[in-house]
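Peer 1: Below is one structure. I have some questions about it.
The values are calculated or read from the model by the stated rules, or taken from the named source; none is laboratory data. The shown structure was predicted, so the numbers you read here are calculated from the model rather than taken from an experiment. Cβ atoms come from the backbone with ideal geometry, glycine included; neighbour counts cover every protein chain shown. Calculation scope for accessible area: heavy atoms of the full protein, side chains included, ligands and nucleic acids excluded. Shrake-Rupley method; radii C 1.70, N 1.55, O 1.52, S 1.80 Å.
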Amino acid sequence: MSHKRIPKRRAAIAAGSVAALGAAALLLPNANASQTEPSDNAAPRTFKAKDASGLAAQLASQLGDAFAGSYYNADKQQIVINVVGNDSNVVDAVKKAGAVSNQVQNSTATLQAAARTLRTKATIPGTAWSVDPRTNEIRVTGDSTVTGARWNTLESTVEGLGSGVATIKRSAGTFKTFVSGGGAIFAQENGGTVRCSLGFNVTASDGSPAFLTAGHCGVAAAQWSDSANGEPIATVDQATFPGDGDFSLVKYDDPGTQAPSEVDVGNGQTVRINQAADAAVGRQVFRMGSTTGLHDGTVTGLDATVNYPEGTVTGLIQTDVCAEPGDSGGSLFTQDGSAVGLTSGGSGDCTSGGETFFQPVTTALQATGATLGSGDQSADPGNTA
């Protein structure tokens, strides 16, 4: 099958109808509260959600081993910094930065060691874990397939980590990648149609137009079309799955393809994507997928490990945003136009809920050498929703 050559093709991101108009209504410009200036008495300041990861990184470097994670309190618009120990200098440094100091039991090193133990003793298909800084614990989940001896192994491993280090729960659904169902990008493989969602348009390191999607989509098929029975318009350049991520870089076959840096959220609305950003626990995020459209939720965990049937994937973002088959690779972004993640997989659906995991965009960009957008960033930033 020959490649389809369409001069100046406009590559729409995550096409599809919007299934959750409530989420679309939240995408209003300048909806975040402004950051307040520091006061003389070092009282907690209010911050925009987008500032959480930057301030947390600054304090992590400054506090060293005393830093034990952070999260964003959306209700109070405050950044909470977990600290271990009783060093008054540490507490003063957090207050001086305008954040809230929260003394906790588990250090970052303790939680990392616990995660390594889980990886060694409990890498069981249908399990997942991530760090929840709001509880200063590792949250471990076993899906409906983890029963009998496998559940006992998972439970005993968690108990062996010690009191207050990890919690365990069951999920009614099954952890899976969301690679089938309706979708906006299509591939013909093994006599059937594979469907995924396009994540973000990017420029590859060689200057060619491309896009990011899930890695399990990229390993499923090499060539992708924008219609179920269409000829290929893009070819996979790099794909990682399973292992240290779930991302693919797919290059458009036509070097003249126009690939705007925006997310199409349906009903003629788009959100301009201005930059990539790290996830912060507690921050509101939006997910666009070609099956279920636009949905919003909150980041609930970082550095998540998910044991899919195909293998283990590490370094993911955990959220309470729903997703369904066909949404794989779709874009996770913020109200201010920051690209955060690519839909990987999870449990449940958009009726019953469940957990959904995302590949961090910052990691995917660094690994592939790509940059967001088409290189033409002259347009005014912001969203048009």
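Peer 1: THR298's amide H: which non-local residues (gap 5+, or another chain) put their own amide H closer than 5 Å, with H modeled 1.01 Å from N in plane and none for Pro or chain starts?
Peer 2: Under 5 Å from the amide H of THR298 lie the amide H atoms of VAL285, ASP320, VAL321, each far enough along the sequence or on another chain.
Peer 1: Rounded, prolate or oblate for the stretch 100-147? Axes are the square roots of the Cα gyration tensor eigenvalues, ordered a ≥ b ≥ c, and the cut-off for rounded is a/c under 1.5.
Peer 2: Taking the square roots of the gyration eigenvalues as a ≥ b ≥ c, the stretch 100-147 is oblate.
Peer 1: Around ILE168, which amide H atoms from residues at least 5 apart in sequence, or from another chain, sit under 5 Å from its own amide H, with H modelled in the peptide plane?
Peer 2: Long-range HN contacts for ILE168: VAL140.
Peer 1: Order ARG283, ARG170, most accessible first, counting only protein heavy atoms with a 1.4 angstrom probe.
Peer 2: Largest accessible area first, the residues go ARG170, ARG283.
Peer 1: Which ³J(HN,Hα) values, rounded to whole Hz and listed in residue order, are derived for the stretch 270-283 from phi using the Karplus coefficients 6.51, -1.76 and 1.60 in 6.51 cos²θ - 1.76 cosθ + 1.60 with θ = phi - 60°, glycine and proline given as x?
Peer 2: So the J values, rounded to whole Hz, are 10, 10, 5, 9, 9, 6, 9, 9, 6, 6, 10, 4, x, 7.
Peer 1: Not counting ligands, DNA or RNA, and with a 1.4 Å probe, what is TRP224's accessible surface area in Å² rounded to the nearest 10?
Peer 2: It works out to around 10 Å².
Peer 1: Could you give each residue of the stretch 74-86 its phi-based ³J(HN,Hα) in whole Hz, using Karplus coefficients 6.51, -1.76, 1.60 with θ = phi - 60°, and x for Gly or Pro?
Peer 2: Karplus values, whole Hz, x for Gly and Pro: 5, 5, 9, 6, 10, 9, 9, 10, 7, 10, 10, x, 10.
Peer 1: Follow-up question, since we're still on this one. What pairs from LYS50/LYS251; LYS50/LYS76; LYS121/LYS176; LYS76/LYS176; LYS48/LYS96 go past 24 Å between their alpha carbons?
Peer 2: Pairs exceeding the cut-off: LYS50/LYS251; LYS76/LYS176.
Peer 1: Can you tell me what share of the DSSP beta bridges in the stretch 105-233 is antiparallel? A percent to the nearest 5 is fine. Present the calculation step by step, with values, prior to reporting the outcome.
Peer 2: Numbers: 16 of 21 bridges.
Around 75 percent antiparallel, to the nearest 5.
Peer 1: What residues qualify as long-range amide H neighbours of ASP237, i.e. H under 5 Å apart, gap of 5 or more or another chain, H built at 1.01 Å from N?
Peer 2: LEU249, VAL250, LYS251
Peer 1: Ignoring ligands, DNA and RNA, what accessible area per residue does the stretch 261-385 give at 1.4 Å, in Å²?
Peer 2: 29 Å²
Peer 1: Grab the beta carbon distance between ALA222 and GLN112, set R0 = 25 Å, and tell me the FRET efficiency rounded to 0.05.
Peer 2: 0.10
Peer 1: Something else now. Taking LYS169 as the anchor, which aspartates and glutamates have their alpha carbon closer than 17 Å to its alpha carbon, excluding any fewer than eight residues away along the same chain?
Peer 2: Answer for LYS169, where 17 Å is the Cα cut-off: ASP132, GLU137, ASP143, GLU155, GLU159, ASP320, GLU355, listed by chain and number.
Peer 1: While we're looking at this one, here's another question. If you take the alpha carbon radius of gyration of the stretch 105-219 and divide it by 2.2 N^0.38 Å, what ratio comes out, to two decimals?
Peer 2: After normalising by residue count via 2.2 N^0.38 Å, the value is 1.42.
Peer 1: Fully extended, how many nm does the chain gain between SER88 and GLU189 (0.36 nm per residue separation, minus their Cα-Cα distance)?
Peer 2: Difference between extended and current length: 30.3 nm.
Peer 1: What is the distance, in nm, between label points placed 7 Å from the Cα along the Cα-to-Cβ direction at GLU231 and at GLU159?
Peer 2: Inter-label distance under the simple model: 6.3 nm.
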